[in-house]
C-alpha cells in the first residue's frame with residue numbers, strides 16, 4: 001500500500017520549470033531513494049510535498065488523503081517529518097532543548113516533551129551529547145541532531161535530504177545503520193542523497209530525475225544500469241563497475 005503518492009507534480013519559479021510532471025508512489029515501510037544531478041529538482045520536490053513551496057500543479061496524496069496546499073505545520077502534524085539539506089539547529093540551545101522543541105508537536109507538557117526527546121536522542125546515539133550547545137557539534141553530530149528533531153515529531157513518513165553529506169567513512173556507516181533503524185521502527189523513508197554508497201545500499205527502489213523530469217525508476221540495480229541515468233548522473237565509471 002502506498003503511504004505517499006506524488007501525482008504529476010509541477011513547480012514553476014517564474015519562467016523556470018524546476019519540476020516537470022513528476023509522478024511516483026512510496027510504499028508503506030519502504031526506503032525510497034530520489035536521485036539526480038545538482039539542480040535537478042530533488043529538494044524542490046521535498047519542499048512541495050510539505051508545502052514549503054506551493055505547488056504549481058499536481059497533487060500530493062498521503063495515506064489516501066489529498067494534502068495538496070495544506071499548511072506546512074498541518075502536514076507535519078499529519079505525520080510527515082523532514083530534514084533540511086543545510087542544517088540549522090537552534091545554535092544557542094542545548095541538543096536536548098532542540099529535540100524537546102520538536103517533541104511539542106505531539107506533547108502537551110514540558111515533562112512529556114523532554115521524555116520523548118530523551119528517547120529520540122538515545123535512538124540516534126546522541127544521549128551523551130544532550131547538554132552540549134547545538135552549535136558545538138561537528139558536522140556528523142549536527143546531521144544526527146537534524147534527524148532527531150524530525151523523529152521527535154513522531155512521523156509516519158520522514159523526508160531525509162542529504163543527511164550523509166560531509167560525513168567521513170565511519171560516519172557514513174553509522175548513517176546507513178541509523179536510516180535502517182528508522183525503517184525498522186516502522187517509519188517510511190523518502191531520501192535524497194548523492195553518495196552512492198548510501199543510496200544504493202539502503203534503497204528498496206529509486207526514482208531518478210534530471211532537469212525536473214523523471215528518467216528512470218526501479219530497484220537500485222535497475223536504475224544503476226539505466227543508460228539515461230548513467231549519462232545524466234552516475235557516469236560511465238559507475239556503469240563499468242567502479243562502485244563507491
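Summary table
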quantity	calculated
Single residue of 69, 108 found to be touching a residue at least 12 places away in the same chain (Cβ under 8 Å) and exposed (fewer than 14 other Cβ atoms within 10 Å of the Cβ)	69
Meets criteria (at pLDDT below 95, closer than 26 Å to residue 7 by Cβ, buried (at least 17 other Cβ atoms within 10 Å of the Cβ) and over 13 Å from the mean Cα position of the chain (by Cα)) for residue 216	no
Scope the stretch 154-170; condition part of a loop (DSSP other than H, G, I, E, B), touching a residue at least 60 places away in the same chain (Cβ under 8 Å) and within 20 Å of residue 45 (Cα to Cα); matching residues	155, 156, 162, 163, 165
Subset tally (residues that are under 16 Å from residue 25 (Cα atoms), in contact with a strand residue (DSSP E or B) (Cβ under 7 Å, 6 or more places away or on another chain) and either in a strand (DSSP E or B) or modelled with pLDDT under 95 (or both)) for the stretch 53-75	6
Options 195, 182, 191; residue that is more than 24 Å from residue 41 (Cβ to Cβ), in contact (Cβ under 8 Å) with a residue 12 or more places away in the chain and out of contact with any helix residue (DSSP H, G or I) (no Cβ under 6 Å at 6 or more places or on another chain)	182
Count of residues meeting criterion [crowded, with 19+ Cβ neighbours inside 10 Å and either touching a strand residue (DSSP E or B) at 6+ places or on another chain (Cβ under 6 Å) or in a loop (DSSP other than H, G, I, E, B) (or both)] in the stretch 88-105	1
Unique residue being within 23 Å of residue 193 (Cβ to Cβ) and either touching a residue at least 60 places away in the same chain (Cβ under 8 Å) or surrounded by fewer than 21 Cβ atoms within 10 Å (Cβ to Cβ) (or both) when the list is 151, 127, 145	151
Any hit, the stretch 171-188, residues being in a loop (DSSP other than H, G, I, E, B), out of contact with any strand residue (DSSP E or B) (no Cβ under 9 Å at 6 or more places or on another chain) and either modelled with pLDDT under 95 or buried (at least 21 other Cβ atoms within 10 Å of the Cβ) (or both)	no
Single match in 193, 162 (criterion: closer than 23 Å to residue 49 by Cα, surrounded by fewer than 23 Cβ atoms within 10 Å (Cβ to Cβ) and within 12 Å of the chain's Cα centre (by Cα))	162
Residue that is under 13 Å from the mean Cα position of the chain (by Cα) and at pLDDT 95 or above, where the choices are 133, 145, 127, 157	157
Subset of the stretch 32-52 [buried (at least 21 other Cβ atoms within 10 Å of the Cβ) and assigned to a loop (DSSP other than H, G, I, E, B)]	36, 40, 41, 50
Positions within the stretch 8-31 being surrounded by fewer than 16 Cβ atoms within 10 Å (Cβ to Cβ), touching a strand residue (DSSP E or B) at 6+ places or on another chain (Cβ under 8 Å) and on the phi < 0 side of the Ramachandran plot, in sequence order	12, 23, 27, 28
Subset of the stretch 1-19 (residues that are more than 12 Å from residue 32 (Cβ to Cβ) and either in a loop (DSSP other than H, G, I, E, B) or touching a helix residue (DSSP H, G or I) at 6+ places or on another chain (Cβ under 8 Å) (or both))	1, 9, 11, 14, 15, 18, 19
Residue within the stretch 76-87 that is at pLDDT below 95, buried (at least 23 other Cβ atoms within 10 Å of the Cβ), part of a loop (DSSP other than H, G, I, E, B) and touching a helix residue (DSSP H, G or I) at 6+ places or on another chain (Cβ under 9 Å) present	no
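The values are calculated or read from the model by the stated rules, or taken from the named source; none is laboratory data. Because the structure is predicted, anything quoted here is derived from the model rather than measured. Methodologically, a virtual Cβ is constructed for each residue, glycine included, from the backbone with ideal geometry; neighbour enumeration extends over all protein chains shown.
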